[in-house]
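Participant: Before I ask anything, let me first share the structure, which is written out below as structure tokens.
The values are calculated or read from the model by the stated rules, or taken from the named source; none is laboratory data. As the structure is a prediction and not an experimental result, all values here were calculated from the model. Glycine also receives a Cβ, built like all others from the backbone with ideal geometry; neighbour counts cover every protein chain displayed. For the accessible areas, the whole protein counts, side chains as well, though only heavy atoms, and no ligand, DNA or RNA atoms are used. Shrake-Rupley method; radii C 1.70, N 1.55, O 1.52, S 1.80 Å.
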Amino acid sequence: MKRIAVFPGSFDPITLGHSHIVERASSLFDVIVVAIGTNTTKQYLFPLNKRIEWTEKVFKNLSNVRVVTYEGLTVDFCKSLNANYILRGLRNGTDFDFEQSIATMNKTLNPAIETILLNTDPAFAAIHSSIVREIIKNKGDVSSFVPPQINVYE
Ligand code: ADP
């Protein structure tokens with residue numbers, strides 16, 4: 001059976017923290033599905049088409065990485081793809097507490113799906129999409145925080 005992992009998030013926008021986690025995990029799984037959430041009640045800074053375009057651009061050289069959109073429960077989405085793993089990144093203890101709760105609840109919803117948490121490289125531990133968005137709203141330079149392939153001001 002193929003080891004398929006879903007990496008869910010908003011990617012609003014994709015950061016070096018996200019891309020590094022996926023790059024490292026790409027050798028651990030047969031397929032990684034980067035799943036861009038489309039939650040109708042959530043306000044995004046960037047439209048879905050930009051979030052998809054940038055995420056695809058960043059992973060275009062990783063042959064086992066796919067970019068898709070989804071809505072609804074992550075475990076239901078995993079089941080629809082026959083994916084048995086949810087991949088998440090950890091920056092610090094706050095992330096750990098949150099991720100542990102989601103992982104435990106997801107495990108209750110579907111015991112067949114395992115959550116795999118990868119510790120971020122310390123170089124990317126300070127990068128938060130929410131702070132990147134604040135810098136963008138104020139026209140700052142985010143080139144140290146987002147992958148070089150994307151230009152958020154295009
Ligand atoms: P959400 O929209 O669920 O708040 P994001 O879209 O920002 O989350 O992130 C999706 C995943 O990427 C999460 O597992 C998150 O922990 C991880 N992540 C975000 N930033 C980093 C980072 N700097 N280093 C490692 N993982 C990260």
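Participant: Sort out which residues of the range 54-80 are under 22 Å from T104 (Cβ atoms) and crowded, with 16+ Cβ neighbours inside 10 Å, and write them in order of number.
Facilitator: Y70, T74, V75, F77, C78
Participant: Let me ask you something else. List every residue pair whose Cβ atoms lie under 7 Å apart, where the two residues are 6 or more positions apart in sequence or sit on different chains, the first residue falls within the range 106-117 and is closer than 12 Å to A83 by Cα, and the second residue, located anywhere, is of a type in the set (A, V, I, L, M, F, W, C) and open to solvent by less than 50 Å² (accessible area, probe 1.4 Å).
Facilitator: Matching pairs, first to second residue: N110/V75; I113/V75; I113/C78; I113/I86; T115/I86; T115/A103.
Participant: Moving on. Within the range 39-54, take every residue that is among the aliphatic types (A, V, I, L, M) and assigned to a helix (DSSP H, G or I) and give me the one that is farthest from I113 (Cα to Cα).
Facilitator: Just the residues of the range 39-54 that are among the aliphatic types (A, V, I, L, M), to begin with: 45, 48, 52.
Still in the running and assigned to a helix (DSSP H, G or I): 48, 52.
Numbers: L48: 27, I52: 25 Å.
Here the residue is L48.
Participant: Got a number for residues in the range 72-106 being within 13 Å of I116 (Cα to Cα), of a type outside the set (G, A, S) and assigned to a helix (DSSP H, G or I)?
Facilitator: Residues meeting the conditions: 6.
Participant: Please state which of the following conditions I86 fails to meet, knowing it meets all the rest: (1) without any contact (Cβ under 8 Å) to a residue 40 or more places away in the chain; (2) among the aliphatic types (A, V, I, L, M); (3) within 23 Å of M1 (Cα to Cα).
Facilitator: Here I86 meets the rest and fails (1).
Participant: How many residues are within 9 Å of the ligand (Cβ to nearest atom), open to solvent by 10 Å² or more (accessible area, probe 1.4 Å) and part of a loop (DSSP other than H, G, I, E, B) when one looks only at the range 3-38?
Facilitator: The qualifying residues number 1.
Participant: If you take the residues of the range 108-131 that are more than 24 Å from K42 (Cβ to Cβ) and part of a helix (DSSP H, G or I), which of them is least open to solvent (accessible area, probe 1.4 Å)?
Facilitator: That would be A123.
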